[in-house]
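The values are calculated or read from the model by the stated rules, or taken from the named source; none is laboratory data. Just so it is clear, the model here is predicted, and its values are computed rather than measured. Cβ placement follows ideal geometry from the backbone for every residue including glycine, while neighbour counts extend to all protein chains displayed. We work out accessible area using only protein heavy atoms, side chains counted, and drop any ligands, DNA or RNA first. Shrake-Rupley method; radii C 1.70, N 1.55, O 1.52, S 1.80 Å.
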Amino acid sequence: MNMAAWLARAGRARADLPALVREGTVVATYSRFAENAARLASALRGPLGLAPGDRVAIVAKNSPHYLDVLYAIWWAGLAAVPVNAKLHAAEIGWILENCGARLAFAGSGQDAEIGAYAPDTLREIVTIDGPLYRRMLEAEPVPPATCAPDDLAWLFYTSGTTGRPKGAMLSHRNLMAMSLAYLSDVDPTSPGDTLLHAAPMSHGSGLYAMAHVARFGVNAVTASGGFEPAEVFDEIARTPGLSMFAAPTMIKRLTDHPGETPVGNIRTIIWGGAPMHVADAIRAIDRFGPRFAQIYGQGETPMTTTVLSKADIADRDNPRWRERLGSAGIANSAVEVRIDGVGGAPGVSGEILVRGDTVMRGYWGNPQATAETIREGWLHTGDVGAFDADGYLTLMDRSKDVIISGGTNVYPREVEEVLLAHPQVHEVSVIGRPDPEWGESIVAYYAGDAEPSALDALCLERIARFKRPKAYVRVEALPKNNYGKILKTDLREMDRRAHADSGEETQQ
Ligand code: AMP
């Protein structure tokens, strides 16, 4: 099945329902949305001469046109490569070359910039809403192309927290399973419900769009196309039944925002993509009510591997409520999840493995990485976690981030949770520093005004002595990638250099 079939169906059966909205104004009904996709697809396959399976990149900030383009690519039987528009043009050029993109749709800010790095395979850069784009919208509409379930639909470049990004090959089958699991486990959706894209459509937020097309919901974008708490508050105020995806840092900013908004209009705020400190989750719930769900997933098996449902998050009287908030919930309906070597044995940690219809076909052009990652049908996520007796999964860390000090594993996240409980710590990341005696010693980098001695006292109060950082380093901010994820690899490198230069420049 072609993912565009849901749009074709909506275009006929719910022609007049609003489909795409910007700043509260309907820019396309379902019939217009489907027609735009059919016309753009016609131009892609006709005058622009693309053939089934060709890769077409999208390098643009969020806008209603983003979805016109994404669906047009599927409608034409092509594969979409949504690229994070915040990357450097050279990084975008690398992705375009790696996937052999034939054509790129680009926002008006990005077109000239990526032109300078365009690989030879790229025949055309179409500026979204530019003259060529508008001519394409005059092409004769065509019916959606026929696709096999395993045809490539979305080449999802990982955010590259280590080394070069890899292209996870997601098929139409993957996207369909993901969307149905979203509707059953994360956020049941009705016609007219709205998904606000305040996070990049090139990543998780864009993946949720499909579930909303399946259920005849509305996909909405902010005026800026990005995330500003004031803007999100305005969107909530004018949109009953609003859902959105927000990374933990975004939730923190919403919670701290001084304005008022009618929280009853919020259907669901979904957090995920990075760990959320339990205290921050509780502050958010206190401010906005139990209108949250958490997902844990990765580009290789989007978007959900496990889900902490709205019902779990609302179940405040449950004696295990806090513990549950610190977990990532239970396996979603489309997959099996187990811990390497131990299956589902409670309390035993190991690498998290996933099998099911959301698991990618492999990495684009990288059979070696594919063979290392998918073994005997199980995706090796590189994340370490443990199930409890009720089947709730707690994530420890990325396996490569685990610190081995004196032969004992220390999970940075556990130490970070403790340090974040200090009111004057804004962000923190705990890493291992090579140590001749211990193998690795534990170092905490943090931003905020807290004194190292206060942090040390907090650790002594709450965790085993061997997990206590040997050094605390205060910094202005921690290194992050374009999705706001802290880059431990860069931090380790920073630490290595600082340590080599001055021997010791930490505050103990
Ligand atoms: P990406 O493929 O860029 O979405 O990154 C996926 C990675 O983010 C996962 O492998 C996890 O390490 C991390 N991650 C995703 N969701 C969560 C979550 N709910 N809690 C903690 N870490 C998460």
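Peptides 187-198, 18-29 ordered by packing proxy, namely the average of other Cβ atoms within 10 Å per residue, highest first: 187-198, 18-29.
Given 0.36 nm per residue, what is the gain on full extension from Ala447 to Thr25 after removing their alpha carbon distance, in nm?
147.9 nm
The equivalent ellipsoid that matches the C-alpha gyration tensor of segment 167-290 spans semi-axes of 24, 17, 14 angstrom, in descending order. Between the alpha-carbon centres of segment 295-340 and segment 444-462 there is a gap of 30 Å.
Would you mind classifying segment 32-76 by shape? Square roots of the alpha carbon gyration tensor eigenvalues, ordered a ≥ b ≥ c; an a/c under 1.5 is rounded, otherwise it is prolate if a/b is larger than b/c and oblate if not. Oblate shape, in that a/c is at least 1.5 and b/c is the bigger or equal ratio. For segment 361-430, GluC sites (Glu not before Pro) are listed when DSSP marks them as loop and at most 13 other Cβ atoms sit within 10 Å of their Cβ; the list is Glu376.
Please list 59-66, 227-234, 72-79, 256-263 highest first by mean number of surrounding beta-carbon atoms within 10 Å per residue.
Answer by packing, highest mean first, reads 72-79, 59-66, 227-234, 256-263.
Which percent of the accessible area of segment 131-184 is formed by carbon and sulfur heavy atoms (probe 1.4 angstrom)?
55 percent
Here the Karplus relation 6.51 cos²θ - 1.76 cosθ + 1.60, evaluated at θ = phi - 60°, turns the backbone of segment 396-409 into coupling constants of 8, 6, 5, 4, 6, 8, 4, 9, 10, 10, x, x, 10, 6 Hz, with x for every Gly and Pro.
Once both labels are positioned 7 Å from their Cα atoms along Cα-to-Cβ, the gap between Asp317 and Ala389 label points is 2.2 nm. Rg ratio for segment 1-156: its Cα radius of gyration over 2.2 N^0.38 Å, N being its residue count, equals 0.99. As a length-normalised measure over Cα pairs under 8 Å and 6 or more apart, the relative contact order of the chain settles at 10 percent. Taking amide H atoms as placed 1.01 Å from N in the peptide plane, the amide H of Leu103 lies under 5 Å from those of Ala57, Arg123, each 5 or more residues away in sequence or on another chain.
In the context of the full set of protein chains, the chain has a per residue accessible area of 40 Å² (1.4 Å probe). Its relative contact order, with pairs defined as Cα atoms under 8 Å and 6+ residues apart, puts segment 135-235 at 19 percent. In this structure, the residue pairs whose Cα-Cα separation is over 27 Å, taken from Lys86/Lys488; Lys61/Lys485; Lys166/Lys470; Lys310/Lys470; Lys310/Lys485, are Lys166/Lys470; Lys310/Lys470. The translational diffusion coefficient of segment 4-387, from Stokes-Einstein at 4 °C and 1.567 mPa s with a Kirkwood hydrodynamic radius over alpha carbon pairs, comes to 61 µm²/s.
Extension gain, Arg375 to Asn265, is 35.2 nm, computed as 0.36 nm per intervening residue step minus the present C-alpha separation. The distance linking segment 43-89 with segment 134-204 is 11 Å (Cα centroid to Cα centroid, whole angstrom). Distance between the pseudo-spin-label points of Ala15 and Ala51 (7 Å out from Cα toward the beta carbon): 3.7 nm. To the nearest ten degrees, helix 172-181 and the longest principal axis of the Cα atoms of the chain are 60 degrees apart. The fraction of accessible area contributed by carbon and sulfur in segment 403-502 is 50 percent, rounded to a whole number (1.4 Å probe; ligands and nucleic acids excluded).
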